[in-house]
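Colleague: Please find one structure pasted underneath; my questions will follow.
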Amino acid sequence: MKKILSVSLFFLTINIVAQTAENIVLKTVVKDNNGEIVVNTPLTIRVSVISGSALGVVKYVESHKITSNEQGLIQIEVGKGKLLGGSLNGIDW
């Protein structure tokens with residue numbers, strides 16, 4: 001019984017945290033079509049949340065203007081970009 005309770009509480013905690021998060025942090029290395037790292041370059045990143053599959057319903061879209069660093073790294077927060085459509089609050093995660 002203790003194991004089941006512990007697992008249930010763990011999932012309950014994850015669920016509560018997921019519902020209260022306002023932004024999603026994404027970090028990545030940017031590469032061009034040839035696989036070369038894109039360094040110190042101004043970029044516009046478009047983020048879309050799509051339901052079901054890649055061809056599903058677009059629930060949320062935003063863009064970010066950012067510059068990659070000397071290692072090609074960028075970090076954005078979904079929910080803090082320029083809103084292009086939809087609402088993060090309206091998504092059934």
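Colleague: For the stretch 20-49, give me the residue count where each residue is among the hydrophobic types (A, V, I, L, M, F, W, C) and closer than 15 Å to Leu83 by Cα.
Modeller: Count: 4.
Colleague: Here's another thing I want to ask about it. Any residue in the stretch 24-51 that is open to solvent by less than 50 Å² (accessible area, probe 1.4 Å) sitting within a Cβ distance under 7 Å of a residue that is at pLDDT 95 or above and of a type in the set (Asp, Glu)? List the pairs, counting only those 6 or more apart or interchain.
Modeller: Val47/Glu62
Colleague: Any chance the stretch 56-75 includes a residue that's modelled with pLDDT under 90, open to solvent by 80 Å² or more (accessible area, probe 1.4 Å) and at negative phi?
Modeller: Taking every residue of the stretch 56-75 in turn, none turns out to be modelled with pLDDT under 90, open to solvent by 80 Å² or more (accessible area, probe 1.4 Å) and at negative phi.
The values are calculated or read from the model by the stated rules, or taken from the named source; none is laboratory data. Everything quoted here is computed from the prediction, not taken from an experiment. Reconstructed Cβ throughout: ideal geometry from the backbone, glycine too, with neighbour counts over all protein chains shown. Protein only, heavy atoms only, side chains kept; ligands, DNA and RNA dropped before computing areas. Shrake-Rupley method; radii C 1.70, N 1.55, O 1.52, S 1.80 Å.
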